Amino acid sequence: MRGSAASDGSVWARLPREFGDAVRPRIPEIARACVDGIAAEIPEYSGTFGHGPTRATAIEQARRGIERDVDRVGTPALWQADRLAEFRGYGREAFHSGLSRESVQAAIRVSSRVTWRWIADIARDAGLSGDVLYGAAEGMFADAETSMAAVAEGYRAAEAAMSSTGERHRRLLRALFGGRAPAEVDGLLAASGLPVPAQVAAVAFRALPGAPDFPPGLLPGHVPADPLGTPPAALTPAPDTDLAGLASLPAGWLAAVGPLVRPAEAPESFRVACRALDLAARGLLDAPGPVVWCRDHLTTLVLLADEFLVAQLASTTLAPLAGLSGRRREQLAETLLALVRTRGSAPELGRLLDLHPQTVRARLRKLGELFGARLDDPGERLRLELALVAERALPGGE
């Protein structure tokens, strides 16, 4: 590893203790500013560092790092071996989470630059000399070089340790389906050594408690798959051929195949597949076997994308039916759906519903009383059809 003037602690040791005393109360603010700067400047961090528990963890890590550096002011302490080990760990963690080495090193540069701006202002406000500012800058930026070299070491070590095809596939899937930005997906596919197809479909798996292990050989070796991962997943450009073996999934296993999409949209395909698994587990999607094909259930998936809103649509649009008894309401809802779909006559609807035309005419008169001119409005008929179909798809529907 390349040495630096800061690696023996001499630069920090020459700084006056007044410098550390002035900076220390502001460390929490500096740490937040560092994380905000990284999120703003580096796309790979913008989502995770922008909010939530990952942001809080990053701020705490930054606070500890700044505090540790400030503690070296005025003391002859060596560059701590545990700090180097920590940055090697950041490199390994970045590799396994699908981040590029360059993005982690860029985060170190951004953090150093933001910290320096704060420290320079604090030192000037405290009346410290230009020599102190120069010494602080020398120490900080030399330490940044050492940190980036440690990150590169850890990253290369993780690359070397993960050379098998199966591990590369698992890493790719974790990165793709872990919420990575679409712009990064093509690069991840290329880095995996796989040919980049025009379209891919994501596969989500779920195993009930007590289910047997995922049988080997159900998926071809060229399909990136991690059925035992968190979450269990696979990715294929040819689902109809590559996934034929999933018909033999053992009891307790369920798979959902997302729509075919551009590689950059693979996370969306996986999100839809996971949603289909949830709905199938609740009995809201019918599948003839252990595999749910999302392409066969797009209408239901759209309608149930937001169950609260679709329930509101059904309840408000079908309010005229609310006061009817269960059986009577069911009969009129069935006839109403056939009417808004076909605009057929009583005889035509009778044939469709297997009812006598007179029965249909009586129902149509009642529907006319309940819905009036809405039955003649194309927009209202579409709204009624959506509400009726959504009502059937909702939990507790027909």
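For the reader, a short list of remarks on this structure follows.
Residues are listed down the side, and each one gets a yes or a no for (1) of a type outside the set (A, V, I, L, M, F, W, C); (2) part of a helix (DSSP H, G or I); (3) touching a Gly at 6+ places or on another chain (Cβ under 7 Å); (4) in contact (Cβ under 8 Å) with a residue 12 or more places away in the chain:
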| residue | (1), (2), (3), (4) |
| --- | --- |
| Pro53 | yes, yes, no, no |
| Arg64 | yes, yes, no, no |
| Arg68 | yes, yes, no, yes |
| Val73 | no, no, yes, yes |
| Gly91 | yes, yes, yes, yes |
| Leu99 | no, no, no, yes |
| Trp116 | no, yes, no, yes |
| Ser147 | yes, yes, no, yes |
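- Among residues that are surrounded by 15 or more Cβ atoms within 10 Å (Cβ to Cβ), under 25 Å from Leu218 (Cα atoms) and either more than 21 Å from the chain's Cα centre (by Cα) or not hydroxyl-bearing (Ser, Thr, Tyr) (or both), Ala314 is not included.
- Residues satisfying the stated conditions in region 347-363, i.e. surrounded by 17 or more Cβ atoms within 10 Å (Cβ to Cβ) and either more than 14 Å from Pro320 (Cβ to Cβ) or aromatic (Phe, Trp, Tyr) (or both): Leu349, Gly350, Leu353, Leu355, Val360
- Candidates Val310, Val292, filtered to the one that is farther than 15 Å from Glu391 by Cβ and not charged (D, E, K, R): Val292
- Filter pass, Pro347 being farther than 17 Å from Ala207 by Cα, in contact (Cβ under 8 Å) with a residue 24 or more places away in the chain and in a helix (DSSP H, G or I): no
- Restricting Asp36, Asp21 to those that are under 21 Å from Ala137 (Cβ atoms) and modelled with pLDDT of 85 or more reduces the list to Asp21.
- Residue in region 288-297 that is in the same structural domain as Pro259 (by TED's automatic domain parsing), among the β-branched types (Val, Ile, Thr) and in contact (Cβ under 8 Å) with a residue 12 or more places away in the chain present: yes
- Residues of region 85-134 satisfying the condition of being aliphatic (A, V, I, L, M) and more than 31 Å from the chain's Cα centre (by Cα): Ile119, Ala120, Ile122, Ala123, Ala126, Leu128, Val132, Leu133
- Residue that is polar (S, T, N, Q), crowded, with 20+ Cβ neighbours inside 10 Å and modelled with pLDDT of 85 or more, where the choices are Ser269, Ser248: Ser269
- Selection status of Phe308, in contact (Cβ under 8 Å) with a residue 24 or more places away in the chain, in a helix (DSSP H, G or I), more than 30 Å from Ala251 (Cβ to Cβ) and aromatic (Phe, Trp, Tyr): no
- Residue match in region 321-338 (condition: under 45 Å from the mean Cα position of the chain (by Cα), assigned to a helix (DSSP H, G or I) and farther than 17 Å from Arg392 by Cα): no
- Top-ranked residue of region 339-362 - restricted to ones that are basic (Lys, Arg) and modelled with pLDDT under 90, ranked as farthest from the chain's Cα centre (by Cα): Arg351
- Applying the set (1) surrounded by 13 or more Cβ atoms within 10 Å (Cβ to Cβ); (2) modelled with pLDDT of 70 or more to Ser192 leaves exactly one unmet item: (2).
- Matching helices (runs of 4 or more DSSP H) fully within region 233-305 where at least 3 residues are over 15 Å from Ala207 (Cα atoms) and touching a Leu at 6+ places or on another chain (Cβ under 9 Å): 266-281, 298-303
- Counted residues, region 30-48 - those being within 18 Å of the chain's Cα centre (by Cα), part of a helix (DSSP H, G or I) and among the small types (Gly, Ala, Ser): 2
- Selection status of Glu184, among the acidic types (Asp, Glu), modelled with pLDDT of 70 or more and either assigned to a helix (DSSP H, G or I) or under 13 Å from Leu99 (Cα atoms) (or both): no
- Pairing each residue of region 323-341 that is among the charged types (D, E, K, R) with any residue that is surrounded by 14 or more Cβ atoms within 10 Å (Cβ to Cβ), provided the two are 6+ apart or on different chains, yields C-beta distances under 8 Å for Arg329/Leu321; Glu334/Leu353; Arg341/Glu385.
- Residue in region 41-53 that is among the charged types (D, E, K, R), modelled with pLDDT of 90 or more and in contact with a helix residue (DSSP H, G or I) (Cβ under 6 Å, 6 or more places away or on another chain) present: yes
- Taking the conditions (1) within 18 Å of the chain's Cα centre (by Cα); (2) not in a strand (DSSP E or B) in turn, Leu228 satisfies each one other than (1).
The values are calculated or read from the model by the stated rules, or taken from the named source; none is laboratory data. What you see is a predicted model, and the numbers here were worked out from it, not measured in a lab. Here the Cβ is made from the backbone with ideal geometry for all residues, glycine too, and neighbour counts use every protein chain on show.
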